[in-house]
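Okay, so here's the structure we're looking at.
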Amino acid sequence: MRNLIFLFILVALLPSSLLAATEVYPLATAEERERFQGLLAELRCPKCQNQNIADSDAPIAQDMRDETYRMVRDGASNEEVFEALIARFGEFVRYKPQFDRRTALLWTTPIIVVLIGLLVVIGTVVRAKRQPQATATLTDEERQRAQQILEDGNPKP
Amino acid sequence: MKRLLLFIPVILAVTLGMVLFAGIGKDPSHLESALIGKPVPAFELTNLLAPGEQLDEQVFKGQVSLLNVWGTWCPACRDEHGELVRLARSEGVRIVGLNYKDQRDLALQWLSGLGNPYAVTLYDPAGRVGFDLGVYGAPETYVIDGDGIVRFRHVGVVTEQVWRELLEPVVRQYQEQG
């Protein structure tokens, strides 16, 4: 019985945080609600810099949520929402900055590094293959000399 | 040639070190305003001191002003208030106040108690204009030139040092141009 009550409380508590957002920001369709949540997760709070505006309790995050909600409700596209907030707070508020000249290096560095790594690997492999096998073997003359040296250096008892 | 290649890791490490070193001491919470070089967003607010009087972005026209965002709920605003009063009285700086997310009676009490450094104070109880300006934490102080263009933003308390090193050069520069 006790377990049952405990379970009931757990179940009752679980979705409350999920429901909270939809209660405060009623949207008509499930699609809109999902889009709204996605936007909140992708917008960064300028005050608490390592939180998105869905998680942040800062008043400014509240204002940004309200504005995002208003725009989504009025049918704005995701791009329009981003643009409106970037115009006010700067590129900083977007977790995924747009690809342009300033962010080109930011986006391409991982690709460049992987390419350099690939080139190094390919170079090493090719060089190892091209290495003449001959150096590992001896000519007959050398072999004879080596034999001699070994015998001299290690005389039989 | 082979020998030279061996130095590549050293060069990479030194470069990375320099990049990281350049970041030390920078305050990541100081963001450049997205509005630098752009006009102050259009607004219509009432005068804090005269509820019947409507004000808009024309209040910035004609001379360089500081726009100071404050509220009675903001302790750091109290810290900088004395300096603002000094700037207005001794340095002759025109300061426009933006009373942000506040209550009129509290704000009036504050000004009569601590002195009023503002040539005019905009009353923005909903924080709408603050939002359009990209205010993310009071106090914030902007330099607005005589054409109503945002030239500089300082987030945080204005001290004499902040004035001398950050704000005054910008203010003087645009005063000379205007």
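The values are calculated or read from the model by the stated rules, or taken from the named source; none is laboratory data. If you're wondering where the values come from, they're calculated on a predicted model, not measured in any experiment. Positions of Cβ are generated from backbone atoms using ideal geometry, with glycine treated the same way; all protein chains shown enter the neighbour counts. Ligands, DNA and RNA are stripped out before the accessible areas are found, and what is left, the full protein with its side chains, is counted by its heavy atoms. Shrake-Rupley method; radii C 1.70, N 1.55, O 1.52, S 1.80 Å.
Check whether at least one residue in the stretch B:151-161 is away from chain A (no Cβ under 14 Å), in a helix (DSSP H, G or I) and either within 29 Å of A:ASP57 (Cα to Cα) or open to solvent by 30 Å² or more (accessible area, probe 1.4 Å) (or both), and report yes or no.
Residues of the stretch B:151-161 away from chain A (no Cβ under 14 Å): B:151-152, B:154, B:157-161.
Right, trim to in a helix (DSSP H, G or I) and you get B:160-161.
Filter once more, keeping what is either within 29 Å of A:ASP57 (Cα to Cα) or open to solvent by 30 Å² or more (accessible area, probe 1.4 Å) (or both): B:160-161.
Looking through the stretch B:151-161, at least one residue is away from chain A (no Cβ under 14 Å), in a helix (DSSP H, G or I) and either within 29 Å of A:ASP57 (Cα to Cα) or open to solvent by 30 Å² or more (accessible area, probe 1.4 Å) (or both).
Taking the listed residues A:PHE82, A:PHE92, the one that is modelled with pLDDT under 90, in contact with a Leu (Cβ under 9 Å, 6 or more places away or on another chain), within 14 Å of chain B (Cβ to nearest Cβ) and surrounded by 12 or more Cβ atoms within 10 Å (Cβ to Cβ) is A:PHE92, with no other qualifying. Would you check if B:LYS2 is out of contact with any Lys or Arg (no Cβ under 6 Å at 6 or more places or on another chain), more than 22 Å from B:PRO139 (Cα to Cα) and within 14 Å of chain A (Cβ to nearest Cβ)? Yes, satisfied. The combined condition, being open to solvent by 10 Å² or more (accessible area, probe 1.4 Å) and either in a strand (DSSP E or B) or touching a residue at least 24 places away in the same chain (Cβ under 8 Å) (or both), is fulfilled by B:VAL129. Within the stretch B:1-29, the set of residues being under 29 Å from the mean Cα position of the chain (by Cα) and basic (Lys, Arg) comprises B:LYS26 only.
The helices (runs of 4 or more DSSP H) found wholly in the stretch A:58-143 and carrying at least 1 residues that are in contact (Cβ under 8 Å) with a residue 24 or more places away in the chain and out of contact with any Pro (no Cβ under 7 Å at 6 or more places or on another chain) occupy A:59-73, A:78-89.
Here B:TYR123 fulfils each of the conditions (1) of a type outside the set (D, E, K, R); (2) open to solvent by 20 Å² or more (accessible area, probe 1.4 Å); (3) in contact with a Leu (Cβ under 6 Å, 6 or more places away or on another chain); (4) within 14 Å of chain A (Cβ to nearest Cβ) apart from (4).
So which residues in the stretch B:47-75 are among the hydrophobic types (A, V, I, L, M, F, W, C) and either under 16 Å from B:LEU167 (Cβ atoms) or in contact with a Phe, Trp or Tyr (Cβ under 6 Å, 6 or more places away or on another chain) (or both), if there are any at all? Show your work before the answer.
Residues of the stretch B:47-75 that are among the hydrophobic types (A, V, I, L, M, F, W, C), as a first pass: B:48-50, B:55, B:59-60, B:64, B:66-67, B:69-70, B:73-74.
Result: B:LEU48, B:PHE60, B:VAL64, B:LEU66, B:LEU67, B:VAL69, B:TRP70.
Please determine whether any residue of the stretch B:135-148 is more than 15 Å from the chain's Cα centre (by Cα), more than 26 Å from A:ASP66 (Cβ to Cβ) and buried (at least 19 other Cβ atoms within 10 Å of the Cβ). If you could, list the steps in order and put the result at the bottom.
Step one: list which residues in the stretch B:135-148 are more than 15 Å from the chain's Cα centre (by Cα), which gives B:146-147.
Next, only the ones that are more than 26 Å from A:ASP66 (Cβ to Cβ) stay: B:146-147.
In the following step, the residues that additionally are buried (at least 19 other Cβ atoms within 10 Å of the Cβ) were identified as none.
There is no residue in the stretch B:135-148 that is more than 15 Å from the chain's Cα centre (by Cα), more than 26 Å from A:ASP66 (Cβ to Cβ) and buried (at least 19 other Cβ atoms within 10 Å of the Cβ).
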